[in-house]
1. Across the range 50-80, which residue is farthest from the chain's Cα centre (by Cα) among those that are modelled with pLDDT under 95 and hydroxyl-bearing (Ser, Thr, Tyr)?
2. Looking for something within 16 Å of residue 141 (Cβ to Cβ) and either at pLDDT below 95 or surrounded by fewer than 20 Cβ atoms within 10 Å (Cβ to Cβ) (or both) - is there at least one such residue anywhere in the range 96-105?
3. In the range 2-24, what residues are over 19 Å from residue 195 (Cα atoms) and either crowded, with 18+ Cβ neighbours inside 10 Å or basic (Lys, Arg) (or both)?
4. In this structure, is residue 92 closer than 24 Å to residue 175 by Cβ, in contact with a Lys or Arg (Cβ under 7 Å, 6 or more places away or on another chain), surrounded by fewer than 21 Cβ atoms within 10 Å (Cβ to Cβ) and not polar (S, T, N, Q)?
5. At least 2 residues that are more than 23 Å from residue 191 (Cα to Cα) and out of contact with any Phe, Trp or Tyr (no Cβ under 6 Å at 6 or more places or on another chain) in each: list the strands (runs of 3 or more DSSP E) lying fully within the range 78-143 that qualify.
6. So in the range 211-220, with the set limited to residues that are assigned to a loop (DSSP other than H, G, I, E, B) and either touching a residue at least 12 places away in the same chain (Cβ under 8 Å) or basic (Lys, Arg) (or both), which one is surrounded by the most Cβ atoms within 10 Å (Cβ to Cβ)?
7. If a residue must be buried (at least 17 other Cβ atoms within 10 Å of the Cβ) and modelled with pLDDT under 95, how many such residues does the range 25-49 contain?
8. Name, by its number, the condition in (1) over 14 Å from the mean Cα position of the chain (by Cα); (2) at pLDDT 95 or above; (3) small (Gly, Ala, Ser) that does not hold for residue 85.
Amino acid sequence: MKFGVVTFPGSNCDQDCYHVAAEVLNKPTDMVWHKDKQDLSEYDCLILPGGFSYGDYLRTGAIARFSPIMESVIEYAEAGGLVIGICNGFQILLEAGLLPGAMKVNDSLKFVCDYTKLEVVNDDTPFTNRCNSGDILEIPVAHGEGNYHIDEEGLAELIANQQIVVRYLSEEENPNGSVDNIAGICNQERNVFGLMPHPERCSESILGNGSTDGYQIFASIVEYLSKRGEECGE
């Protein structure tokens, strides 16, 4: 089982994600640089971390979407590989068309850095199988453009296909104005997941922030891959 952390110029949560995968989960993990198109088939899960790819000088994620590595990521995802995009990574997945919708500036027009309470809506994904629907997770956010937007037809499709994975617990807990309090969604095939909050920032107790709920996201990935390996006889 091997993880890859895709790093762009301006990524600043790549080392955090690497630490969780390599040191907390104790799995082989590589840093994957943005510059070259490459074969990603050796990886069981790719992480697109948070940060400010290319300085967010255009729309968030809009420049990173055209990095050479993203052609490889798209091919990898379309072949069924697991991809999780966190914060800026979520924005990049939207720009790349791997997930539907778009991000806007927070309703407050301010950068928000705080803990949020999330409700697990769909526990039948590779990223939430260690949770139960209705569980409440406390995970921090840190973003200026996390206001998820999709039109009414698209929202109805997300709901019908059970693609909404986590929601902010209430409008009061919604830090950015996202439609339907959406905090994270997956594609119809369930192998691509975009999440605005940062689970890597609350995945071990040594951080002393009172929550390790983010660990459940990463542990779910490991459990899913382990079961898939057993079914394949690996």
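1. Going through the qualifying residues, I end up with 57.
2. If we filter the range 96-105 for residues that are within 16 Å of residue 141 (Cβ to Cβ), which is where we start, we get 103-105.
Now narrow it down to the ones that are either at pLDDT below 95 or surrounded by fewer than 20 Cβ atoms within 10 Å (Cβ to Cβ) (or both): 104-105.
Yes.
3. Going residue by residue through the range 2-24, those that are over 19 Å from residue 195 (Cα atoms) are 2, 9, 22-24.
Selection gives 2 alone.
4. Details: closer than 24 Å to residue 175 by Cβ: yes; in contact with a Lys or Arg (Cβ under 7 Å, 6 or more places away or on another chain): yes; surrounded by fewer than 21 Cβ atoms within 10 Å (Cβ to Cβ): no; not polar (S, T, N, Q): yes.
Taking the combined requirement at face value, the residue does not satisfy it.
5. On the way: elements: 82-86, 102-104, 112-120, 136-143.
Counting at least 2 such residues, we get 112-120, 136-143.
6. Here is the first cut: in the range 211-220, the ones assigned to a loop (DSSP other than H, G, I, E, B) are 211-214.
Add one more test, that the residue is either touching a residue at least 12 places away in the same chain (Cβ under 8 Å) or basic (Lys, Arg) (or both), and what stays is 211, 213-214.
Values: 211: 17, 213: 21, 214: 26.
This residue is 214.
7. 1
8. (1)
The values are calculated or read from the model by the stated rules, or taken from the named source; none is laboratory data. Here the structure is a predicted model, which means the values were calculated and not measured. In this analysis, Cβ positions are derived from the backbone assuming ideal geometry, glycine residues included, and neighbour counts consider all displayed protein chains.
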